[in-house]
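Before any comments, here is the structure.
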Amino acid sequence: MKAEYSFDPDTAHGLMRVRMAGFFEPVDVTRFAADLMEQLANLGRPPGEHLTMVDIRAMDIQSQQAVERFEQVLANSPMRSRRLAFVVGRSLSRMQIKRAASSRDAGYFQCPESAEAWLLGKDDAAAA
């Protein structure tokens, strides 16, 4: 499946919801990062003051090169969010994102509602 992604900004909460699906080539990761930076600029928060929820349940297992590129994106200061949550399935992609996000203190959830509640501090649910 070809790489796909979408953004759903919530300016009221400073929350960027991201959905990602398919197989990302390194060039797709670069395009995603540029589009994310543009979306974050329109969120109305200073760099590092936003929240991010990334739903990757529909992502395929990624190549080593794509995982390395995602690591770079996640470590990029202007894109770093105050709090980061991933909605993941039970698969190897879960292990890949944990590796890619190893530089971050991120939460991992099985449903978007739990992830968002954790991000917004409305729930004491622990990240998986």
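The values are calculated or read from the model by the stated rules, or taken from the named source; none is laboratory data. Please read all numbers here as calculations on a predicted model, not as lab measurements. Ideal geometry is used to build each Cβ from the backbone, glycine not excepted, and the neighbour counts take in all protein chains shown. In case anyone asks, the SASA skips ligands and DNA or RNA and just uses the protein heavy atoms, side chains included. Shrake-Rupley method; radii C 1.70, N 1.55, O 1.52, S 1.80 Å.
In the set 113, 71, only one residue is open to solvent by 20 Å² or more (accessible area, probe 1.4 Å), in a helix (DSSP H, G or I) and at pLDDT 90 or above; that residue is 113. Contact map, segment 10-37: residues that are within 12 Å of residue 53 (Cα to Cα) paired with residues that are loosely packed, with under 14 Cβ neighbours inside 10 Å, Cβ distance under 6 Å, separation 6+ or inter-chain. Pairs shown: 17/8; 19/6.
If you go through segment 1-28 and keep only what is assigned to a helix (DSSP H, G or I) and either modelled with pLDDT under 95 or surrounded by fewer than 18 Cβ atoms within 10 Å (Cβ to Cβ) (or both), you end up with 26, 27. Across segment 55-68, which residue is modelled with the lowest pLDDT among those that are open to solvent by 10 Å² or more (accessible area, probe 1.4 Å) and not charged (D, E, K, R)? Among them, the one singled out is 61.
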